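What follows is a short report on a single structure.
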């Protein structure tokens, strides 16, 4: 199976405007995905499966992970068209992870629409996530024709490492919920966040882009620390938007993290800042099932977060991590040509914590 000739993107012909570039990336990657995914089948039930597999990929999304992959590839002098298939696989990974994550968290909205399990039930949604997972590996297999066997299998190994990191990070968070654990510190949060979020949001997209672009092993490995800082900054900003964002732009329910009992940096700061009585009150609310929390309960937790500037603290931490990531990129890759791809990547770093969705 050969790469669709439409699946090409070149940062040098793109505007320096990050949102426009992300839109261009999403359009190019979607072309690859929708040309690849099956859409019809003679069997009525399999046809239904194929249509459900298109649900999350069709929803509005930022396309951050594919953009990181393509920009880093081009920054190292590679042809972005050789990385588009891998970038599309990153987007498929994002979609099947979100389907499963929404089920595990009991979420209600995803990208402005009801979650898949809300529309079709948990068993159906799990199976759709599994189907997209299978298609991700199938898409990565296409790299043997695009990149050659050696490079294709190196990219496969990166996805294997990524998958192990994500499920371990997810298990950490689920274990906190299962054991009703609240005595967490920032280090606990960072460990979970790096594995659950940073690896698939930043570290692996940058690494595979660098590999395809011809980077050395040392240059590829330099994206681990950079990606950890950038990925955690991204997650903290996501936690903040969950509390103060606009549902129309954010695409998920506001204060959903409180409804779901999420352990976030904002919450950890609150526990460290408030009185023991207030902390116990927050735990009593957060530990309840979603359907037992009232709007007044949620608002009382939000008020305490505002009272102790916990949201502002998280925003400062996110910006500090972003600055660290930008400094690392500028220092570690000063030898790369100062082209459009490099400039767009630095702009994209800023977007990670300036975004409103």
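Here are the numbers:
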{"item": "Filter pass, residue 192 being part of a helix (DSSP H, G or I) and over 21 Å from the mean Cα position of the chain (by Cα)", "result": "no"}
{"item": "The listed residue being touching a helix residue (DSSP H, G or I) at 6+ places or on another chain (Cβ under 7 Å), part of a helix (DSSP H, G or I), surrounded by fewer than 24 Cβ atoms within 10 Å (Cβ to Cβ) and without any contact (Cβ under 8 Å) to a residue 60 or more places away in the chain, out of 160, 172", "result": "172"}
{"item": "Matching entry among 341, 325, 312 (being without any contact (Cβ under 8 Å) to a residue 24 or more places away in the chain and either touching a helix residue (DSSP H, G or I) at 6+ places or on another chain (Cβ under 6 Å) or over 14 Å from residue 261 (Cα atoms) (or both))", "result": "312"}
{"item": "Those residues of the stretch 269-281 which are surrounded by fewer than 16 Cβ atoms within 10 Å (Cβ to Cβ) and either part of a helix (DSSP H, G or I) or modelled with pLDDT under 95 (or both), in sequence order", "result": "272, 276, 277, 280"}
{"item": "Count of residues meeting criterion [outside any loop (DSSP other than H, G, I, E, B) and either under 27 Å from the mean Cα position of the chain (by Cα) or closer than 11 Å to residue 226 by Cα (or both)] in the stretch 293-336", "result": "28"}
{"item": "Qualifying residue in the stretch 94-116 (condition: under 24 Å from residue 213 (Cα atoms), buried (at least 16 other Cβ atoms within 10 Å of the Cβ) and touching a helix residue (DSSP H, G or I) at 6+ places or on another chain (Cβ under 7 Å))", "result": "yes"}
{"item": "Scope the stretch 32-89; condition outside any helix (DSSP H, G or I) and surrounded by 24 or more Cβ atoms within 10 Å (Cβ to Cβ); matching residues", "result": "83"}
{"item": "The stretch 284-296, residues that are under 22 Å from residue 244 (Cβ atoms) and in contact (Cβ under 8 Å) with a residue 24 or more places away in the chain", "result": "285, 286, 290, 293"}
{"item": "The lone exception for residue 204 - which of (1) crowded, with 22+ Cβ neighbours inside 10 Å; (2) over 19 Å from the mean Cα position of the chain (by Cα) it fails", "result": "(2)"}
{"item": "Qualifying residue in the stretch 101-114 (condition: in a helix (DSSP H, G or I) and under 22 Å from residue 32 (Cβ atoms))", "result": "no"}
{"item": "Evaluation of residue 129 against (1) touching a helix residue (DSSP H, G or I) at 6+ places or on another chain (Cβ under 8 Å); (2) without any contact (Cβ under 8 Å) to a residue 24 or more places away in the chain (one fails), failing number", "result": "(2)"}
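So that you can scan it fast, the table gives a plain yes or no per residue for (1) part of a helix (DSSP H, G or I); (2) buried (at least 23 other Cβ atoms within 10 Å of the Cβ); (3) at pLDDT below 95; (4) touching a helix residue (DSSP H, G or I) at 6+ places or on another chain (Cβ under 6 Å):
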| residue | (1), (2), (3), (4) |
| --- | --- |
| 221 | yes, no, no, no |
| 227 | yes, yes, no, yes |
| 231 | yes, yes, no, yes |
| 236 | yes, yes, no, yes |
| 241 | yes, no, yes, yes |
| 249 | yes, no, yes, no |
| 253 | no, no, yes, no |
| 261 | no, no, yes, yes |
| 267 | yes, yes, no, no |
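The values are calculated or read from the model by the stated rules, or taken from the named source; none is laboratory data. Note that this is a predicted model, so its numbers are computed, not measured. Cβ coordinates were reconstructed from backbone atoms using ideal geometry, including for glycine residues, and neighbour counts include every protein chain displayed.
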